[in-house]
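Report on the following structure.
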Amino acid sequence: MKKNYFLIIPLLISNLLLAQNIQDEIKKYYENLPFDMPVLNVPEFPQRDFLITDFGAVGDGFTLNTEAFNKAMIECSKNGGGRIVVPKGIWLTGPIEFRSNVNLYLERGAHIQFSKNFDHYPLVLTTYEGTEQYRCQSPISGRNLVNIAITGYGVIDGGGDAWRYVKKSKLTSQQWKELVASGGVVDSTGNNWWPSEQAMNGEKILKQLQKQKGKLTKEDYQKVRDYLRPVMVNFINCKNILLEGVTFQNSPAWNIHPLMSENIILKNVTVRNPWYSQNGDGIDVESCKNVIIYDCKFDVGDDAICMKSGKDEFGRKRGIPTENVIIADCIVYHDHGGFTIGSEMSGGVRNIKVTNCNFIGTDIGLRFKSTRGRGGVVENIYIDNIFMKDIPTDALSFNMYYGGQAPTEDLSIEEKLKSRKGYQVNEGTPQFRNIFLENIYCVGAKDAVVIQGLPEMKIKNIVLKNVKMKSQRGISIFDADDIKLINTEIYSSEPVIKIFQSKNILIDNFITDYNINTIMKLEGEETSDIKVKGNNANLILKKILFDNSVSKEALKIIN
């Protein structure tokens, strides 16, 4: 190894200016913030560069550089920190284990390519999808660290196409033919490709072992290692994290996963996964606090920007909410949900601000999801200036039946009532409340708004103000309490507003196509206290359809 493996470089002024620019950008997002949140400080690093080539790394795309990266990490941290500089080239490597006070800096043209050899990723105890379990080691990981960053201009590729299973229905016939010819196995249905038989049978084997033994050991998980896809970037219990400028792509499972960490900044990051990538989330912020995500782009295979806090009893016992998060000036292309809370939110989610974002072609625009057994409280969510286009399903979705049978609008009133069974309220009952949405626009969606609470725990205090959407179907409100639609404009098929077993609903200055026959439909004996206000109130009153179970007294016109 060369003796000049670190250099004191004359970049102090420019680096300080860069940090100051980010600091100034961050401050503007605190203007009129509706909750208290400390102003985040940008992590600072000593002005030392550790060149990855000085540790024996070769950027030819063939040489395995795992040892070089990890030696550089150790040496940089041991000497007080600085930048590990990755020059242009393709740098093949196994897992990189981060250290405190290290900024992994990718120059223009730099491409870190993670190995597709599963043997390079040993099993580690971690958290995935909200529960503690063994998974293969993440390509980039760190635990109990301070002041860490990944910055620059390059690309980090997780080699996820070697790990993920693929559904035939999501590929063209030629793509499917080429995938099958590349190796791996196809399941007995002929509809799913897996990288190996071990991966294909992993879930079934784990369930059988759990049934036989109860708690599983590391040795049990080792039998199905190919199935245990890692998240690509996993920082656990870390403080002061900066991700800036870099492209993260092709992750085995989730792309970026900060867990139980605080003071996190994402700026100008691009996150990519194939649209067909199973569990190919963009970023999952789990049980973290004080987070700013801005000026980022996402185009992924599952939820793009997602807030989580653990699953079921495990998440409730951990009891660490995700709180104090600002998301601004982001663009989301394909995904399952542009901005999502849940479904693993058992530790709670609160104090979230989402502003000035574009969602283009996302399966769902704004997505809130949970189910019985999760528990947890989601509250104090503020969303404004969201611009959506070509949403295949719901522009705005609240679904408390995630993974279960919900009394949807597609069912008859009899079928809805039959599927709507109340349960005892307990620690596993999720609660969503105090959510405020303003200046929300959507051109093209199947459903404009779906609010679907539980009979035993209605979704409460949702305010939609200055909302304008064009969709196939309009607004559906199921099992909700205290919903306000203020200056809302919806163009859809009739009826535009459907209310089922809900109460305390205010519709103030609602605008639609008044030439249709039915503007509003009311169903369910619990539906009550529906107030209509504004210049068009009397016109709406003439175009309301009451189910036999709903009293005419349930609706009031307010002058």
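For the reader, a short list of remarks on this structure follows.
- Qualifying strands (runs of 3 or more DSSP E) (wholly inside the stretch 474-559; at least 3 residues being within 38 Å of the chain's Cα centre (by Cα)): 480-491, 497-500, 503-508, 520-523, 528-533
- Test: residue in the stretch 214-222 that is touching a Pro at 6+ places or on another chain (Cβ under 9 Å) and not aromatic (Phe, Trp, Tyr): no
- For the stretch 63-75, the set of residues classified as within 15 Å of Tyr105 (Cα to Cα) and either touching a Leu at 6+ places or on another chain (Cβ under 9 Å) or in a loop (DSSP other than H, G, I, E, B) (or both) consists of Phe69, Ala72, Met73, listed by residue number.
- 1 or more residues in contact with an Asp or Glu (Cβ under 8 Å, 6 or more places away or on another chain): qualifying helices (runs of 4 or more DSSP H) within the stretch 154-268: 197-213
- Failed item in (1) of a type outside the set (D, E, K, R); (2) within 19 Å of Arg229 (Cα to Cα); (3) buried (at least 16 other Cβ atoms within 10 Å of the Cβ), with Gly183 passing the rest: (3)
For (1) more than 26 Å from Glu526 (Cβ to Cβ); (2) buried (at least 23 other Cβ atoms within 10 Å of the Cβ); (3) modelled with pLDDT of 95 or more; (4) of a type in the set (Val, Ile, Thr), each residue gets a yes or a no:
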| position | (1), (2), (3), (4) |
| --- | --- |
| Val449 | no, yes, yes, yes |
| Lys460 | no, no, yes, no |
| Asn466 | yes, no, yes, no |
| Asp482 | no, no, yes, no |
| Ser493 | no, no, yes, no |
| Ser502 | no, yes, yes, no |
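- Some residue of the stretch 290-306 being within 29 Å of Gly428 (Cβ to Cβ), outside the structural domain of Asn192 (by TED's automatic domain parsing) and surrounded by fewer than 24 Cβ atoms within 10 Å (Cβ to Cβ): yes
- Residue check for Pro258: touching a helix residue (DSSP H, G or I) at 6+ places or on another chain (Cβ under 9 Å) and within 19 Å of Phe298 (Cα to Cα): no
- Considered as a group, the residues in the stretch 102-127 that are assigned to a strand (DSSP E or B) and of a type in the set (Phe, Trp, Tyr) include one that is nearest to Arg225 (Cα to Cα), and that residue is Phe114.
The values are calculated or read from the model by the stated rules, or taken from the named source; none is laboratory data. The shown structure was predicted, so the numbers you read here are calculated from the model rather than taken from an experiment. Counting neighbours? That spans all protein chains shown, and the Cβs are built from the backbone with ideal geometry, glycine included.
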